[in-house]
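Just below is one structure, and these are the notes that go with it.
A short reminder: the numbers here are calculations on the coordinates, not readings from a lab. Treat the numbers as computed from the prediction; the structure is a model and nothing was measured.
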Amino acid sequence: MIKFVKFIMFMSCFCSFSIYAMSEDEGGNYLKISEEYKKSDSELNEIYIHQMTEYKKEGAAFYGQEKSKDIYLKKAQQVWVKMRDASCDYETYESQRGTGFSSIYEQCLLDKTNERVKYLKENN
């Protein structure tokens, strides 16, 4: 019986250490993803500002339209932000109570932002 108790105590210490190590990895993982997301979001903002500036310079007449293209880009970007957030809420729903939720959600934001950067670069 004493051996069994010692075994249980040993295993509980081992499990506690494993959980601590996993939480440390989770924290590091979150920081890495968060840093990548900040870079991607910054790139997205730079592209958006550049395109808005160009569209305002060109004006509506450049495209033979009544309204300038910047108006539509602004509207599209506002809707995209709402869609990104709603999509990530939906896609990460099952993870909301888990220990890795922050990283999972941040990864979703990163992926969607990278997709938007690519889209805006291709459709300039």
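State the Cα centre-to-centre distance between segment 48-124 and segment 31-46 in whole Å.
After rounding, the separation between the Cα centres reads 13 Å.
List, in the order given, every pair from K32/K56; K57/K112; K82/K121; K38/K121 whose Cα-Cα distance in the structure shown is over 27 Å.
With Cα atoms farther than 27 Å apart: K32/K56; K57/K112.
Defining a contact as two alpha carbons under 8 Å apart and six or more residues distant in sequence, what relative contact order in percent does segment 27-122 show?
Contact order relative to length: 44 percent.
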